[in-house]
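> Have a look at this one before I ask anything.
The values are calculated or read from the model by the stated rules, or taken from the named source; none is laboratory data. Because the structure is a prediction, the values reported are computed rather than measured. Here the Cβ positions follow ideal geometry from the backbone for every residue, glycine too, while neighbour counts run over all protein chains shown.
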Amino acid sequence: MEMRRRRGRGGFGGYGLYRRRRRGKKIGLVLGVVFGLLLLIAVLLFSVRITEIEVSGNQHYTKEQIIDLIFSERWSDNSAYCYYENQFREHKSIPFIEEYTIEFKSPTKVEIVVFEKSVVGYVSDMSSYMYFDKDGIIVESSSEQLPGVPWVTGLEYGHIVLHQPLPVADQEIFEEILNLTQVLSLNEVEVDEIHYNSFGEAELSIGGIKVELGDSSEINGKIAELRDILPELEGLSGTLYLDTYDAANSSPTYTFRKEPQES
């Protein structure tokens, strides 16, 4: 006798349906666990915040200014967001800053390494201050005067274009400016203005004191003398003549002409 078995609830068809349902439950459980883990990771990532920031390489900006400029957005102090911004997005454009990097020391501690533009002086162009580097390239235009950078006057130049050389007739003047500013920095002498006359001779302005340096010869000795003399001229106004400097003279004297007092 031939027997046939119907596939129904209790047959093979029911067993296959049961297996499919069981497999579906397992997949759903795995997906739920994965989703839960991803959610937990996301919560952990976005709850970790940067609490300690170090800054290095900065001279023209203070530590607080650098932090305020870079961490200026709502989520900037979030570790995950900060890492993404630093690695995959273009850095912010900050005046006088060539580039910066953010190095993670731990999830809550970073160091901002700043690379500032090399600036040796600036010229005034209408209402803007045009800052140039050691090669005379205009690296920045700003409406603000940068502390510690001298104003250079007396140069004759044409139309100024950002990121292009300052168009002066004698390009060698920039080598003299660089050398002078380096010597001033080494002797810790800050000047407000460096003026060049038609003969290429430099005159410094330091508060109410003007200093005639003459030509660029013996500039190291002249600035060393200036450093030693300045404390004696504190509170005075007038002109100091160092253009007579002679390295061979062991007991030099220099002329200082006081500015007439207004009556």
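> Please list, ordered by residue number, the strands (runs of 3 or more DSSP E) wholly in segment 42-125 having 3 or more residues that are over 28 Å from Val191 (Cβ atoms) and within 16 Å of the chain's Cα centre (by Cα).
Qualifying strands (runs of 3 or more DSSP E): 97-106, 109-116.
> Give the number of residues within segment 236-251 that are loosely packed, with under 10 Cβ neighbours inside 10 Å and aromatic (Phe, Trp, Tyr).
So the answer is 0.
> Then there is this: Quick check on segment 216-224. Is at least one of its residues at pLDDT 90 or above, under 30 Å from Ser142 (Cβ atoms) and more than 29 Å from the chain's Cα centre (by Cα)?
Within segment 216-224 (the criterion being at pLDDT 90 or above, under 30 Å from Ser142 (Cβ atoms) and more than 29 Å from the chain's Cα centre (by Cα)), the answer is yes, since at least one residue qualifies.
> If a residue must be surrounded by 15 or more Cβ atoms within 10 Å (Cβ to Cβ) and under 15 Å from Ile173 (Cβ atoms), how many such residues does segment 201-228 contain?
6
> Taking Ala247 and the conditions (1) among the aliphatic types (A, V, I, L, M); (2) over 16 Å from Lys210 (Cβ atoms); (3) not in a loop (DSSP other than H, G, I, E, B), which numbered condition does it fall short on, given that it satisfies the others?
The number of the failed condition is (3).
> Here's something else I'd like to know. Under 8 Å by Cβ, and 6 or more places apart or on different chains, what pairs join a residue from segment 242-255 that is under 16 Å from Arg227 (Cα atoms) with one that is aliphatic (A, V, I, L, M) and part of a loop (DSSP other than H, G, I, E, B)?
Tyr254/Leu242
> May I ask you to list the residues in segment 126-140 that are over 14 Å from the mean Cα position of the chain (by Cα) and among the hydroxyl-bearing types (Ser, Thr, Tyr)?
Ser127, Ser128, Tyr129, listed by residue number.
> Do you know which residues across segment 111-138 are buried (at least 19 other Cβ atoms within 10 Å of the Cβ) and among the aliphatic types (A, V, I, L, M)?
Listed by number, the residues that qualify are Ile112, Val114, Val119, Val120, Val123, Met130, Ile138.
> Does Ile112 meet the test of being closer than 30 Å to Tyr83 by Cα and in contact with a strand residue (DSSP E or B) (Cβ under 9 Å, 6 or more places away or on another chain)?
It is true that Ile112 is closer than 30 Å to Tyr83 by Cα and in contact with a strand residue (DSSP E or B) (Cβ under 9 Å, 6 or more places away or on another chain).
> Tell me whether segment 69-79 contains one or more residues that are exposed (fewer than 14 other Cβ atoms within 10 Å of the Cβ) and either closer than 30 Å to Pro147 by Cα or at pLDDT below 65 (or both).
yes
> Any residue in segment 209-229 that is within 22 Å of Pro260 (Cα to Cα) and of a type in the set (Gly, Ala, Ser) sitting within a Cβ distance under 9 Å of a residue that is assigned to a strand (DSSP E or B) and modelled with pLDDT of 95 or more? List the pairs, counting only those 6 or more apart or interchain.
none
> Assess whether Ile223 counts as being within 30 Å of Tyr157 (Cα to Cα) and not in a strand (DSSP E or B).
It is true that Ile223 is within 30 Å of Tyr157 (Cα to Cα) and not in a strand (DSSP E or B).
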